[in-house]
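This report refers to the structure that appears directly beneath it.
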Amino acid sequence: MVVFLILLFVILILAAVLYYFFSVAFVKLNVGNPDNLDDPINKPLEKYKDAISKGLKYITETEHEWVYTVSEDGLRLAARYFPNNSDKTVILFHGYRSSAARDFSCAVEMYMKFGFNVLLCDQRSHGRSEGRLITFGVKESRDVLVWIEFVSGHYGTEKILLGGMSMGATTVLLASGLNLPPSVKGIVADCGFSSPIAIIKKVAKQSMKINAAPFIPFLNLYCKMFGKFSIYGADTTKVLKNNKLPILLIHGANDGFVPCEMSKAALEADPDNVRLVLVEGADHGLSYLINKELVEKEINSFLIKNFDFPLNSG
């Protein structure tokens, strides 16, 4: 009896510890305000504060409206729509525990200059969108379909470009494996990770000095129990083996969070349709801020080559 009680106690302690790690990784937390550049979470971006502030000001002052739709599992999703009198729209998805405005503070103006309407989405469990769990692109990739349907139905968009940063990049790359409509013409993905499992293992090893591999099945069990999703099988390198869309990958060569090797693996999975641009000296999500000229040039060339979308600087 004593042995049984001890074993039960150990199991309960282990379950509690694993739930703690599940909560840290997957549950929506109040970690600060990404759009407040004076918030401590933005300290690593201090060097780029002026450029980001200018972009946030552009987003705030440029004509737009908040729009809403509902996910397949019943969550109210929010986005800002910036009209540009165009038949083409870019739909943008931000990163993990970040914000759409901060991640695309400079990109919104760029895409407007390129002649796009812009839909700037708050991912589930972020900003004005509902949700308790962040699913590392698994359910978020299904939300991409909902937003595509929304844009097509409400604005009659004929050509759609998908864009993502960090987890948002993984989101749109995973969505490429879904039944996307012909209106989706391509993807621009910046510093995405290969899979939820890959990034969890990487962060656990780097930040906690532990091997997360033995715990992945238990974390996945919690994902199924509390979120009705699985982190197994959500792998961009596998999805891209059957990809037909033109894809531009951008990745900072000095990325200390998502290794650029993950984008290199995506390129290897589909070299016929994928182009990878490595930005020297850029850490995670900073490629545009480090080398604006190169990134804009590559995106413009990508659009001209694949969709005849030349830069509209007027």
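Things to note:
- Highest mobility in the GNM of the chain, judged by mean-square fluctuation with C-alpha springs under 10 Å and restricted to His154, His284, His64, is found for His154.
- Taking 0.36 nm per residue of sequence separation and removing the Cα-Cα distance, the Arg275/Ser183 pair yields an extension gain of 31.0 nm.
- Residues Ile197, Ile299 ordered from highest to lowest accessible area at a 1.4 Å probe: Ile197, Ile299.
- Of all accessible heavy-atom area on the chain, the percent that carbon and sulfur account for (1.4 Å): 56
- On Cα atoms only, tilt of 49-61 relative to the major axis of the chain in degrees: 70
- Long-range HN-HN contacts of Val70 with modeled amide H, under 5 Å: Leu77
- Annotation: amide H of Val27 within the under-5 Å range of Ile134, sequence separation 5 or more or interchain, hydrogens built in the peptide plane.
- Taken about its Cα centre, the range 182-267 carries a charge dipole of roughly 240 debye when the Cβ of each Lys and Arg holds +1 and the Cβ of each Asp and Glu holds -1.
- Counted charge near Glu72, where neighbours are those whose Cβ lies closer than 14 Å (Asp, Glu -1; Lys, Arg +1): 0
- In this simple spin-label model, placing a label point 7 Å from the Cα along the Cα-to-Cβ direction at both Arg128 and Lys305 gives a separation of 3.7 nm.
- Rounded to the nearest 20 debye, the dipole magnitude of the range 43-142 is 360 debye, with +1 charges on Lys and Arg beta carbons, -1 on Asp and Glu beta carbons, and the Cα centre as origin.
- Sites matching trypsin sites (Lys or Arg not before Pro) across the range 164-265 that sit in DSSP coil, with at most 14 neighbouring C-beta atoms within 10 Å: Lys209, Lys228, Lys244
- Result for the chain in a Gaussian network model with C-alpha springs under 10 Å: among Gly164, Gly137, Gly115, the largest mean-square fluctuation is at Gly115.
- Scalar couplings 3J(HN,Hα) for the range 247-263, obtained by applying the Karplus form with A = 6.51, B = -1.76, C = 1.60 to θ = phi - 60°, are 9, 10, 9, 10, 8, x, 5, 9, 4, x, 10, 10, x, 5, 4, 5, 6 Hz; x denotes Gly and Pro.
- Distant-in-sequence amide H partners of Phe93 (H built 1.01 Å from N, under 5 Å): Gly163, Gly164, Met165
- Think of a 1.4 Å ball rolled over the protein heavy atoms: the range 9-156 then has 46 Å² of accessible area per residue.
- Phi angles across the range 151-167 convert, under the Karplus curve 6.51 cos²θ - 1.76 cosθ + 1.60 with θ = phi - 60°, into 3J(HN,Hα) values of 4, 5, x, 8, 10, x, 4, 8, 10, 10, 10, 9, x, x, 10, 6, 4 Hz, Gly and Pro given as x.
- Seen against the Cα atoms of the chain and their longest principal axis, helix 292-307 is set at about 80 degrees.
- Karplus 3J(HN,Hα) series, Hz, for the range 77-86 with 6.51 cos²θ - 1.76 cosθ + 1.60 (x for Gly, Pro): 9, 10, 7, 9, 10, 10, x, 9, 6, 9
- Selection among Gly252, Leu120, Phe218 by position relative to the dipole of the chain gives Phe218 as farthest towards the positive end (Cβ unit charges, Cα centre).
- Dipole magnitude for the chain: about 780 debye, using +1 per Lys or Arg Cβ and -1 per Asp or Glu Cβ, origin at the Cα centre.
- Partner lysines for Lys43 [C-alpha distance under 27 Å; skip if fewer than 8 residues away on the same chain]: Lys28, Lys54, Lys57, Lys201, Lys202, Lys205, Lys209, Lys292
- Within straight-line cross-link reach of Lys244, lysines at Cα separation under 17 Å, skipping those fewer than 8 residues along the same chain: Lys159, Lys185, Lys305
- Between 0 and 90°, nearest 10: helix 216-227 axis offset from the chain longest Cα axis: 70
- Sparse-neighbour loop sites [GluC sites (Glu not before Pro); the range 238-290; at most 15 other C-beta within 10 Å; DSSP]: Glu280
- Candidates Gly153, Gly281, Gly168, ranked by Gaussian network fluctuation over the chain, Cα under 10 Å, top entry: Gly153
The values are calculated or read from the model by the stated rules, or taken from the named source; none is laboratory data. Bear in mind the structure is a predicted one, so any value in this text is a computation, not a measurement. Cβ coordinates were reconstructed from backbone atoms using ideal geometry, including for glycine residues, and neighbour counts include every protein chain displayed. Side chains are part of the model used for accessible areas, which takes the heavy atoms of the whole protein and leaves out ligands, DNA and RNA. Shrake-Rupley method; radii C 1.70, N 1.55, O 1.52, S 1.80 Å.
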